[in-house]
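Here is the structure we will look at.
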Amino acid sequence: MRTRDKVGWLGVTMFLSALGLLGGWGALLLARSRRPAPPLPPYEIPTLSPDEPLPAPPPAGLLHPQVLRYNNSAEPQTLDPARMVGLPDITVALGLFEGLTSLHPRTLRPVPGIARSWEVAPDGRTYRFHLRPSLWSDGSPLTAADFAYAWQRVLRPETGALYASLLGCIERIEPLDGLTLEVRLRGPVPYFLELAAFATFAPVQRRCVEAHDRAWTRPEHLVGNGPFTLAEWRPYERIVLKKNPRYWDAGRVALDEVRVLAITDSETALKKYLNGEVDWIREVPGHKIAEAARLPGFRYAPQLNTYFYRFNVGRPPLGDPRVRKALSLAVDKASITRYLLRAGQRPARSLVPPILPGYTPAEGPAHDPAEARRLLAEAGFPGGRGFPRLTLLYNSSESHQQIAETLQHMWRAELGIRVALFNQEWGVYQNSMRNRDYDIARSSWVGDYADPSTFLDCFGTGNGNNRTGWSHRRYDQLLAQAAREANAARRMSLYQEAERILVCDEMPILPLYFYVNAYLVHPRVRGVCDNSRNFHPFQYIHLASDHE
């Protein structure tokens with residue numbers, strides 16, 4: 001054994017011995033560390049051709065009915081595109097609505113949606129979209145005015161759109177005629193065509209919304225323009241989508257029905273998958289990854305997605321950056337990903353994942369318990385004495401609970417402080433986050449487009465997705481400068497400086513790890529493409545017949 005290997009082995013042994021003293025999940029980490037790690041691909045995005053064509057239409061002779069059973073892992077909070085923010089909501093929205101553009105299911109490049117074509121002015125600020133003739137699911141024509149109404153509705157405060165800031169780049173929306181929409185931007189937005197595919201930019205039918213108010217998304221009322229219609233919604237059980245015969249490209253949609261389940265417990269979902277009751281589950285429990293990786297339906301892809309904790313800076317003593325830094329430095333992220341999660345996740349020291357072309361994230365400080373104790377003492381809590389009992393909030397999930405309990409033990413062992421844990425169902429948890437009714441809260445963010453702004457803009461002052469109470473003038477200035485900057489290299493440098501404030505200096509968040517998507521799809525389910533944003537439009541999917 002080489003000296004370097006021996007030192008590394010001794011370090012791991014000492015760490016595991018310390019974990020054994022913690023009990024609880026410390027003991028779990030100790031037990032899991034003795035199991036062989038599952039064989040997994042590297043954390044990297046494969047090189048894809050930007051010219052890759054869309055998937056071919058499904059072959060003839062498919063078995064019918066085509067019914068896909070998909071576990072969404074949570075109950076959607078809303079089906080109103082203007083108000084949704086979570087992945088469970090947006091996943092369903094992909095079936096019910098379609099924007100001006102869509103995304104290629106593998107490369108994620110913008111492709112024509114309701115807009116069959118578009119032109120962009122030389123200054124990069126004016127887009128003219130030419131809409132294809134298409135219908136709402138009730139048979140009425142969809143027009144450019146429907147997009148203008150939907151976007152203006154997002155911007156109205158009474159709508160309560162947390163993503164309203166995404167439309168802040170727009171200076172003017174003007175329907176030139178029934179099938180032509182002109183959009184004038186405040187400045188060049190290189191990812192605007194990706195934004196146009198996002199749920200917040202989806203059209204909604206004015207007559208339907210105004211006739212039924214908040215009830216317009218119920219199955220008996222909802223009018224959409226996507227490949228499916230809403231046939232049934234049993235809260236906390238299932239949503240049923242049926243093929244929309246009025247969708248402009250209905251001929252390529254093979255599925256007759258999609259049953260979207262809301263099974264929150266990943267162990268239960270896995271059992272149902274193995275028993276043949278579910279065709280597709282979005283996540284595999286960490287301790288079952290090694291077994292699942294041997295199944296023919298196992299899929300694995302790094303994600304443009306970061307798991308982190310928010311600090312409510314309005315709750316003392318979390319308003320003190322020294323306290324936030326101490327809590328961050330006391331967490332051994334590498335051990336959590338290696339011994340607890342065990343699915344190839346990478347420890348995070350930045351908010352932006354390191355897989356965006358052209359951008360190098362700013363990294364915060366590494367694990368340093370001694371510095372954490374010094375900072376906490378400097379803030380007035382030597383050895384944790386006098387530190388108030390805080391509560392850590394997470395939405396109900398076995399993996400979230402395991403991580404929260406591990407942090408609870410690490411903070412007690414390294415800093416001498418006690419933190420209580422509290423879990424809530426997804427919808428209640430989202431309300432608590434929106435109202436900042438928490439001390440520390442589990443969070444995650446999936447990039448909505450391939451640009452650092454999709455992460456960093458969230459923490460600008462007044463952004464609906466900030467939800468920490470943190471505000472920083474220089475940070476806001478850098479975001480504003482970057483939004484106006486036409487030079488790509490300078491633009492990325494401005495975002496890097498902003499991220500340095502966020503994760504090195506102020507730390508209103510604690511980045512924990514970068515996601516990978518380890519999931520299971522039955523081999524008969526075809527057309528599911530691995531990609532970095534968990535974007536899986538149902539219109540490209542079909543169930544194979546026995547001879548295919």
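Nothing in this text is a laboratory measurement; each read-out follows from the coordinates by a stated rule. Since the model is a prediction, treat every value here as computed from it, not as a measurement. Quick reminder, even Gly has a Cβ in these numbers, built from the backbone with ideal geometry, and neighbours come from all protein chains shown.
Here are the numbers for this structure:
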| quantity | calculated |
| --- | --- |
| Segment Gln481-Val111, length gained on full extension (0.36 nm per residue, minus Cα span) | 130.3 nm |
| Ranked list, fewest to most other Cβ atoms within 10 Å of each Cβ, for Asp177, Asp505 | Asp177, Asp505 |
| Whichever lysines have a C-alpha closer than 28 Å to that of Lys325, once near sequence neighbours (fewer than 8 apart) are set aside | Lys333 |
| Share antiparallel - DSSP beta bridges, region 306-517, percent rounded to 5 | 60 percent |
| Percentage relative contact order, the chain, counting C-alpha pairs under 8 Å, at least six apart | 20 percent |
| Cα centroid separation, region 302-356 to region 71-104 (Å) | 27 Å |
| Residue order, fewest to most surrounding Cβ atoms within 10 angstrom, among Glu398, Glu171 | Glu171, Glu398 |
| Residue exposure sequence - Leu181, Leu261 - by fewest surrounding Cβ within 10 Å | Leu261, Leu181 |
| Per-peptide average of other Cβ atoms within 10 Å, ordering 386-392, 520-526, 44-50, 87-93 highest first | 87-93, 520-526, 386-392, 44-50 |
| Cα centroid separation - region 444-490 against region 184-205, whole Å | 17 Å |
| Length-normalised contact order of region 238-359 in % [C-alpha pairs under 8 Å, at least 6 apart] | 17 percent |
| Paramagnetic reach from Asp213 (point 7 Å along Cα→Cβ, amide N under 18 Å) across region 64-98 | 79-80, 83 |
| Ratio Rg/Rh, restricted to the chain and using Cα atoms, in which Rh is the Kirkwood radius | 0.97 |
| Whichever aspartates and glutamates have a C-alpha closer than 18 Å to that of Lys271, once near sequence neighbours (fewer than 8 apart) are set aside | Glu237, Asp279, Glu283, Glu291, Glu398 |
| Highest to lowest packing among 191-204, 117-130, scored as the average C-beta count within 10 Å | 191-204, 117-130 |
| Volume per residue of the C-alpha convex hull in region 306-517, rounded to whole Å³ | 114 Å³ |
| DSSP beta bridge pairing in the chain, given as percent antiparallel to the nearest 5 | 80 percent |
| For region 418-543, average projected area of the Cα convex hull in nm² | 11.1 nm² |
